[in-house]
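Okay, structure first, notes after.
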Amino acid sequence: MTTLPLTPASADHGRLHCGYFERGECRSCALIETPYRQQITDKESWCRETLAEAAPRIWLPTFAGGARDFRNRAKLAVGGSACHVTLGILDQELHGVDLRDCGIQAPAIRAVIPVLADFLDGTGLEPYDVSARRGELKFVHVTAAPSGDLMIRFVVRTQHGLDVLRSRKGPLFELIPAASVVSVNLLPEHKAVLEGSREEMFRGETLRMNLDRVDLHLRPQSFFQTNTHVAIGLYNQVAEWVDAVEASSLWDLYCGVGGFALHCADPSRQVTGVEVSEQAIESAKVSAADLGIDSRFLSGDATEFAEANLAASTGVERPDCVIVNPPRRGIGARLSAALENSGVEHIVYSSCNPVSLAKDLARMPAYEVAQARIFDMFPHTKHLEVAVLLQKR
């Protein structure tokens with residue numbers, strides 16, 4: 001099965017023709033039939049309307065993600081049968097739909113999916129049957145770095161599946177020399193999650209995401225934005241804002257693997273990152289050491305850290321600027337209150353949910369939105385990322 005190519009005419013109009021969508025096999029890219037320019041216009045209108053009460057003084061031009069080849073991570077459900085696997089999604093009847101030619105995936109991912117399918121066919125392992133609750137192969141996760149290096153993770157149900165894959169790791173390395181990180185994740189439970197808690201490393205420890213100014217290290221269970229090009233644009237924009245306000249000390253809350261903190265790091269700037277994931281913090285420390293950056297990365301709850309350290313009695317130096325990059329639910333009432341009463345001069349808020357962002361901004365009337373910018377991290381869907389620079393009134 002192949003998708004229709006992106007022809008020059010369709011590229012001019014920013015439209016990606018997808019055979020999977022047209023045949024009704026995959027509807028994940030719900031807006032794929034809308035010309036890309038129109039997608040951007042619609043997102044801008046909705047986001048501006050949602051944030052109307054916050055009244056940003058300046059809206060910068062939207063940073064676009066492009067119509068195809070943008071997704072750096074594939075989360076592939078294994079379907080089909082032993083020796084005839086599919087890699088893609090499961091349909092409503094929980095049958096496998098093969099999406100090896102999906103046009104939004106990075107070319108390096110598209111190229112390796114058939115190789116992975118052939119490899120899994122050779123193992124003889126049975127794909128997991130969700131309805132019958134039996135079988136072995138659940139998912140394959142593939143992440144591509146700009147260099148072309150890959151992280152490949154197999155998710156299996158039992159120790160048997162892990163053992164079979166371990167016995168064949170040598171041939172796998174030969175088949176996919178670009179795989180700098182290979183692991184197997186064990187997910188014995190029958191539940192709607194993509195991975196379990198146990199991970200066995202076959203090769204490497206971290207995937208080096210070589211961005212334009214900073215290399216970030218990703219461990220198997222680390223989070224990174226799915227659109228590398230737009231992520232770089234977002235990091236650079238935030239760094240530009242932080243430089244413009246001349247922040248001498250910076251906190252990056254919900255810092256993940258340290259993307260914002262490391263892009264904003266400067267010999268004259270004190271940088272602290274806080275993230276609940278210990279794996280992500282370890283990755284951030286490795287990246288900081290590679291860059292020779294004097295920074296502090298702590299594993300902990302962002303709200304609790306802010307509440308404890310923004311209090312006047314702690315003696316901890318209050319930062320000039322705070323970056324927050326929370327999950328879809330936003331920073332919530334407690335962290336909003338801590339920032340509202342902090343006296344911090346500037347806040348940068350990066351949000352994947354303008355609705356929760358609007359609620360959080362309403363809780364912080366001491367700040368005005370100086371600038372805002374949309375980053376189209378998720379083309380062909382209604383989702384977007386928006387970043388705002390807040391200034392104390």
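The values are calculated or read from the model by the stated rules, or taken from the named source; none is laboratory data. What you see is a predicted model; the values in this text were computed from it and never measured. Every residue, glycine as well, gets a Cβ built from its backbone with ideal geometry; the counts of neighbours run over all protein chains shown. Heads up: the accessible areas ignore ligands, DNA and RNA and are worked out on the full protein's heavy atoms, side chains in. Shrake-Rupley method; radii C 1.70, N 1.55, O 1.52, S 1.80 Å.
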*Scanning for something among the β-branched types (V, I, T) and closer than 30 Å to R133 by Cβ, does the stretch 241-263 turn up at least one residue?*
no
*Please identify the pairs in which a residue from the stretch 267-280 that is closer than 9 Å to F297 by Cβ has its Cβ atom under 6 Å from the Cβ atom of a residue that is open to solvent by 100 Å² or more (accessible area, probe 1.4 Å), counting only partners at least 6 apart or on another chain.*
T272/R296
*Which of the residues that make up the stretch 333-355 are open to solvent by 10 Å² or more (accessible area, probe 1.4 Å), without any contact (Cβ under 8 Å) to a residue 40 or more places away in the chain and outside any loop (DSSP other than H, G, I, E, B)?*
A333, R334, A337, A338, E340
*Could you give every pair whose Cβ atoms fall below 6 Å, whose first residue belongs to the stretch 37-65 and is within 25 Å of T228 (Cα to Cα) and in contact (Cβ under 8 Å) with a residue 60 or more places away in the chain, and whose second residue is part of a loop (DSSP other than H, G, I, E, B) and open to solvent by 50 Å² or more (accessible area, probe 1.4 Å), counting only separations of at least 6 or pairs across chains?*
Q39/L31
_Can you tell me which condition E33 does not meet? The list is (1) in contact (Cβ under 8 Å) with a residue 24 or more places away in the chain; (2) in contact with a Lys or Arg (Cβ under 8 Å, 6 or more places away or on another chain); (3) of a type outside the set (A, V, I, L, M, F, W, C), and all the others hold._
(1)
*In the stretch 177-228, which residue that is under 19 Å from the mean Cα position of the chain (by Cα) and of a type in the set (K, R) is most open to solvent (accessible area, probe 1.4 Å)?*
R213
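Condition check ((1) open to solvent by 10 Å² or more (accessible area, probe 1.4 Å); (2) among the hydrophobic types (A, V, I, L, M, F, W, C); (3) closer than 19 Å to Q391 by Cβ) across all residues:
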position: V242; (1), (2), (3): no, yes, yes
position: L250; (1), (2), (3): no, yes, yes
position: G259; (1), (2), (3): no, no, no
position: P267; (1), (2), (3): yes, no, no
position: E275; (1), (2), (3): yes, no, no
position: E278; (1), (2), (3): yes, no, no
_the stretch 356-373: number of residues that are open to solvent by 20 Å² or more (accessible area, probe 1.4 Å) and of a type in the set (G, A, S)_ = 3
*Among residues of the stretch 356-389, those that are in a loop (DSSP other than H, G, I, E, B) and of a type in the set (A, V, I, L, M, F, W, C), counted*: 5
*Report whether or not V97 is in contact (Cβ under 8 Å) with a residue 60 or more places away in the chain, open to solvent by less than 40 Å² (accessible area, probe 1.4 Å) and among the β-branched types (V, I, T).*
yes
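Just for the stretch 265-302: of the residues that are of a type in the set (S, T, Y) and part of a helix (DSSP H, G or I), which one is farthest from the chain's Cα centre (by Cα)?
Selected residue: S287.
Could you check the stretch 316-332 and list, in sequence order, the residues that are surrounded by fewer than 16 Cβ atoms within 10 Å (Cβ to Cβ) and free of Cβ contacts under 8 Å to residues at least 60 places away in the same chain?
V316, R328, R329, G332
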*Is at least one residue of the stretch 199-210 out of contact with any strand residue (DSSP E or B) (no Cβ under 6 Å at 6 or more places or on another chain) and among the basic types (K, R)?*
no
*asked:* Looking at A358, A306 in this structure, which one is over 30 Å from H217 (Cβ atoms) and at pLDDT 95 or above?
replied: A358
*Mind listing just one residue for me: the one in the stretch 27-62 that is surrounded by 13 or more Cβ atoms within 10 Å (Cβ to Cβ) and of a type in the set (A, V, I, L, M) and, of those, farthest from the chain's Cα centre (by Cα)?*
A54
